[in-house]
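Asks: Just passing along the structure, written as structure tokens.
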Amino acid sequence: MAKEKKGAEICGMEDLLFPVEIRDEEMPCNKEYSKRVVGQINGGDFLLNQCSDVYKLIENKDIFPMIEEVLNNNNVEYTPVYKHINHVRFYADYEITDKRYDYMMKDTFDVIRPMLRVQHSYNGLTKYKIIFGYFRLVCSNGLTIPVEEMKEFNLSIVGKHTEVILKSFDELHNVLVRFTEEAEEITGAIVNKFEVLRSRIVTKPEDRIEEIFKAMKMTLVDNSKFNTMNVLMNIIREEANKTDLGYQGQINDWLIYNAINQYINDDSRNIATPETRMDKDSKVFEYMLQYA
């Protein structure tokens, strides 16, 4: 029987905080394998990474509780969702639930809210990063932020070495303070791009989807068990006709983008890492903005 493949697994923060340490490699080896990163999982040793003697271990206990502390100190209401992949790659989405920062898409009841996404790993495959984003209440998948606005408002914090990661908590505090003071301006600049997609009525959504998938080199599956186009169109039509979203049956680029976003983030269809999905989602979003 083929081994079942798994993507990121939802867990509690306590599941990320298991003890971890660096040990010397006992076998003769090259310098780049001279150290082991070992965690205590299920009551015993678990090998997480093989590394060189210059590797700097930053433990989850020094990151995720600190993120919550910064949020709490800034009186930010949030709901966290923690995930891990094989106890070695770690993710947290902090959905900002403070209604002061809600945004409703024009002429609809479609609400989006800010979100912080934090990632880290013990094997170096996932770079430590704090990313500011958004999510829709109708679907909790994170939405991308336009590249220009991400740079303009410093909404991505990246760390590698210990001192950089420790400094990132101060940077996050500054980002939250700035967002609190300039929420209307920052949100406005970002959602203006969302509104561009909402304003574009699409009369032939299947053609638009085919164009996007071709440009992104993504595959539209069509076999006896699954049809990508049917799945996307079902999502789009359902949202277009939902009375509590207010689109009155009209299909637009915003609904098409969100259907593709949901497809990219569908755990039942793929096991890509959250950062891989985020990168693909960002490329789809930027393409749709540029090419109507």
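The values are calculated or read from the model by the stated rules, or taken from the named source; none is laboratory data. These numbers come from a predicted model, not from an experiment. Neighbour counts run over all protein chains shown; Cβ positions are idealised from the backbone, glycine included.
Asks: List pairs: first residue in segment 180-205 and within 30 Å of ASN230 (Cα to Cα), second residue surrounded by fewer than 16 Cβ atoms within 10 Å (Cβ to Cβ) anywhere in the structure, Cβ distance under 7 angstrom, at least six positions apart or on different chains.
Replies: GLU195/LYS106; ARG198/LYS106; ARG200/ALA292; ILE201/GLN250
Asks: Does segment 241-260 include one or more residues that are acidic (Asp, Glu), in contact with a helix residue (DSSP H, G or I) (Cβ under 9 Å, 6 or more places away or on another chain) and without any contact (Cβ under 8 Å) to a residue 60 or more places away in the chain? Give the steps one after another, and end with the answer.
Replies: Within segment 241-260, the first condition is being acidic (Asp, Glu), and the residues that meet it are 244, 253.
The next check asks that each one be in contact with a helix residue (DSSP H, G or I) (Cβ under 9 Å, 6 or more places away or on another chain); those that pass are 253.
Then drop every residue that is not without any contact (Cβ under 8 Å) to a residue 60 or more places away in the chain, which leaves 253.
Yes; the residues of segment 241-260 include at least one that is acidic (Asp, Glu), in contact with a helix residue (DSSP H, G or I) (Cβ under 9 Å, 6 or more places away or on another chain) and without any contact (Cβ under 8 Å) to a residue 60 or more places away in the chain.
Asks: Considering only residues that are polar (S, T, N, Q) and either surrounded by 13 or more Cβ atoms within 10 Å (Cβ to Cβ) or at pLDDT 95 or above (or both), which ones fall in segment 249-292? Before you say what the answer is, go through the steps one by one.
Replies: Step one: list which residues in segment 249-292 are polar (S, T, N, Q), which gives 250, 252, 258, 261-262, 265, 268, 270, 273, 276, 282, 290.
Across segment 249-292, the qualifying residues are GLN250, ASN252, ASN258, ASN261, GLN262, ASN265, ASN270, THR273, THR276, SER282.
Residues checked against (1) over 16 Å from GLU195 (Cβ atoms); (2) of a type in the set (Val, Ile, Thr):
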site: GLN248; (1), (2): yes, no
site: LEU255; (1), (2): no, no
site: ASP266; (1), (2): yes, no
site: ILE271; (1), (2): yes, yes
site: VAL284; (1), (2): yes, yes
site: MET288; (1), (2): no, no
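Asks: Additional query: (1) closer than 30 Å to SER268 by Cβ; (2) part of a loop (DSSP other than H, G, I, E, B): which one isn't true of THR203, the others all being true?
Replies: With (1) closer than 30 Å to SER268 by Cβ; (2) part of a loop (DSSP other than H, G, I, E, B) applied to THR203, the lone miss is (1).
Asks: How about segment 1-102: which strands (runs of 3 or more DSSP E) wholly inside it have at least 3 residues that are more than 30 Å from ASN270 (Cβ to Cβ) and in the same structural domain as LYS160 (by TED's automatic domain parsing)? Before you say what the answer is, go through the steps one by one.
Replies: On the way: elements: 9-11, 20-24, 35-41, 44-51, 78-85, 89-96.
By residue number, no strands (runs of 3 or more DSSP E) qualify.
Asks: Can you find even one residue in segment 32-48 that is at pLDDT 95 or above, among the aliphatic types (A, V, I, L, M) and surrounded by fewer than 14 Cβ atoms within 10 Å (Cβ to Cβ)?
Replies: Yes.
Asks: Please determine whether any residue of segment 103-119 is within 30 Å of LEU255 (Cα to Cα) and of a type in the set (Ser, Thr, Tyr).
Replies: Applying the first criterion (within 30 Å of LEU255 (Cα to Cα)) to segment 103-119 yields 103-119.
Now restrict to residues that are of a type in the set (Ser, Thr, Tyr): 103, 108.
Yes, segment 103-119 contains a residue that is within 30 Å of LEU255 (Cα to Cα) and of a type in the set (Ser, Thr, Tyr).
Asks: Which residues, counting only those in segment 162-171, are crowded, with 19+ Cβ neighbours inside 10 Å and either more than 20 Å from TYR91 (Cα to Cα) or without any contact (Cβ under 8 Å) to a residue 60 or more places away in the chain (or both)? Lay out the reasoning, then the answer.
Replies: Start the filter on segment 162-171 by keeping residues that are crowded, with 19+ Cβ neighbours inside 10 Å, which leaves 165, 168.
Within segment 162-171, just SER168 meets the criteria.
Asks: Looking only at segment 121-136, decide whether some residue is touching a Cys at 6+ places or on another chain (Cβ under 9 Å), of a type in the set (Phe, Trp, Tyr) and under 26 Å from ASN261 (Cα atoms).
Replies: no
Asks: Could I ask something else about it? Run down GLY142, GLY159 and say which single residue is under 15 Å from GLU95 (Cα atoms) and in contact (Cβ under 8 Å) with a residue 24 or more places away in the chain. Lay out the reasoning, then the answer.
Replies: Working: GLY159 fails: under 15 Å from GLU95 (Cα atoms).
Step by step, each of GLY142, GLY159 is checked, and only GLY142 is under 15 Å from GLU95 (Cα atoms) and in contact (Cβ under 8 Å) with a residue 24 or more places away in the chain.
Asks: In segment 99-120, what residues are touching a residue at least 24 places away in the same chain (Cβ under 8 Å) and loosely packed, with under 14 Cβ neighbours inside 10 Å? Before the answer, list the steps.
Replies: Narrowing segment 99-120 to residues touching a residue at least 24 places away in the same chain (Cβ under 8 Å): 100-101, 103, 105-120.
Within segment 99-120, ARG100, LYS106, ASP107 meet the criteria.
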